[in-house]
Amino acid sequence: MASKNSRPFVSWKRLRKSFRYAAEGIRHTWKHEQNFRIHTVIAVLVMVLAQVLDVPFFEQAILVIAVGAVLCLELINTALEHMVDLVIQTFDERAKIIKDAAAGAVLVFALTAAVVGGMIFLPRLLELFHL
Ligand SMILES: Nc1ncnc2c1ncn2[C@@H]1O[C@H](COP(=O)(O)OP(=O)(O)OP(=O)(O)O)[C@@H](O)[C@H]1O
């Protein structure tokens, strides 16, 4: 029997497979979760606006982290929703708490990202429109 230790340090086949499965998870979430689609479109618009307003590189990096984290939380929220549905098919107060808390985590970080976006964009937009 081949032991785990005899595996190569990097198996390109396994690496390709793990990327494929991750892409399938993202595709599934895009297809079935409206909030993920909305956040993805907002993420793209935020990065386009950052280019248009010539936001400095470091602040763009902060924006990338903020929008990326929102999308990651959406994916984790979707995973949790499915896990709960797999384990509990009836109404259960604990299932409600798990789903609501996970949704709350997405909301908290989405609001945090919105504040970060406001801090970066608002002064530039006000200056642009001479306000
Ligand atoms: N098994 C359950 N027991 C108790 N409450 C549940 C259960 N499943 C869902 N809920 C409640 O219904 C809400 C919506 O759950 P649902 O699984 O439909 O997720 P969703 O947020 O609507 O996701 P989607 O975007 O896929 O529609 C949850 O946040 C939770 O309050």
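The values are calculated or read from the model by the stated rules, or taken from the named source; none is laboratory data. From a predicted model like this one, the values you see are computed outputs, not experimental measurements. Counting neighbours? That spans all protein chains shown, and the Cβs are built from the backbone with ideal geometry, glycine included. Ligands, DNA and RNA are excluded from the accessible area calculation, which covers all protein heavy atoms including side chains. Shrake-Rupley method; radii C 1.70, N 1.55, O 1.52, S 1.80 Å.
Name the residue, out of I26, I76, I98, whose mean-square fluctuation peaks in a Gaussian network model built on the chain with Cα pairs under 10 Å.
I98
What accessible area per residue, rounded to a whole number of Å², is obtained for the range 12-128 using a probe radius of 1.4 Å? Working shown, then result.
Numbers: 8290 Å² over 117 residues.
That works out to 71 Å² per residue.
With a sphere of radius 15 Å drawn around the Cβ of V70, what net charge do the other residues whose Cβ falls strictly inside it have (Lys, Arg +1; Asp, Glu -1)?
Numbers: positive: R37; negative: E33, E74.
After counting each charged neighbour, the total is -1.
Ignoring ligands, DNA and RNA, what percent of the 1.4 Å accessible area of the chain is carbon and sulfur? Please report the intermediate quantities before stating the final value.
Working: 7020 of 10000 Å².
Whole-percent figure for carbon plus sulfur exposure: 70.
For the chain, taking Cα atoms only, what is the radius of gyration to one decimal and the Dmax to the nearest whole Å?
19.7, 73
In degrees between 0 and 90, to the nearest 10, how far off the longest principal axis of the chain does helix 57-87 point, with axes built from Cα atoms?
In the chain, helix 57-87 runs at an angle near 40 degrees to the longest axis.
Between 0 and 90 degrees, rounded to the nearest ten: what's the tilt of helix 12-32 against the longest Cα principal axis of the chain?
Tilt relative to the chain: about 60 degrees.
Roughly what angle does helix 34-52 make with the longest principal axis of the chain, taking Cα atoms, 0 to 90 degrees, to the nearest 10?
40
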